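The values are calculated or read from the model by the stated rules, or taken from the named source; none is laboratory data. Just so it is clear, the model here is predicted, and its values are computed rather than measured. Every residue, glycine as well, gets a Cβ built from its backbone with ideal geometry; the counts of neighbours run over all protein chains shown. Only protein heavy atoms, including side chains, enter the accessible area calculation; ligands, DNA and RNA are left aside. Shrake-Rupley method; radii C 1.70, N 1.55, O 1.52, S 1.80 Å.
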Amino acid sequence: KGIKKDFNTGVTSSYTNMEPEKVMLVMNDEILNHTDIPLGETFLVVNDKIKGMTVKDGKVSVGCTLNITDAQGNPILQDKDLFAGNDLFEEREARMLKCSINTGAPMKWEEKYNVAVTFWDKYGDGKIENKFSIKCIDIP
């Protein structure tokens, strides 16, 4: 169990029985040190060098939940398992877990949104929760 916080982006990552060495936000192949996202852009939440997943026959099975709410807590997007139907990975290839997040309608410019991404071990009881806020901006 533990918590990691990125003070540049405000990403808080809490984990149990699965630990990322590094957590980062990535957009256009660049690691972000902020959370201002141009409306219409896609960015990634990346958990790198994961340890602790349960392995069966050389494979791991992972789920990914994505929840986005507006500043008042109203749901914008809720997906219970983005990896459903495609959740089995070779152990050696499953060192990095990524979730792609698209911005756009009904999101609005200059509004803040709360993002929660949870990865969990379907063969065990491990999980990683990444929580942070983004601000949708006009393309600079």
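Selection of strands (runs of 3 or more DSSP E) fully inside the range 31-70 by the criterion of at least 3 residues being within 12 Å of GLU91 (Cα to Cα) and either touching a residue at least 60 places away in the same chain (Cβ under 8 Å) or out of contact with any Gly (no Cβ under 9 Å at 6 or more places or on another chain) (or both) returns 59-70. Put simply, of ILE134, ILE128 the only residue that is over 17 Å from SER61 (Cα atoms) and either of a type in the set (Val, Ile, Thr) or free of Cβ contacts under 8 Å to residues at least 12 places away in the same chain (or both) is ILE134.
How many residues are within 20 Å of ASP48 (Cα to Cα), in a loop (DSSP other than H, G, I, E, B), open to solvent by 70 Å² or more (accessible area, probe 1.4 Å) and not polar (S, T, N, Q) if we restrict to the range 83-115?
Selection size over the range 83-115: 2.
Counting only residues that are exposed (fewer than 15 other Cβ atoms within 10 Å of the Cβ) and under 17 Å from the mean Cα position of the chain (by Cα), how many does the range 45-58 have? Qualifying residue count, the range 45-58: 3. For the range 116-134, residues that are assigned to a strand (DSSP E or B) and either loosely packed, with under 15 Cβ neighbours inside 10 Å or of a type in the set (S, T, N, Q) (or both) total 3.
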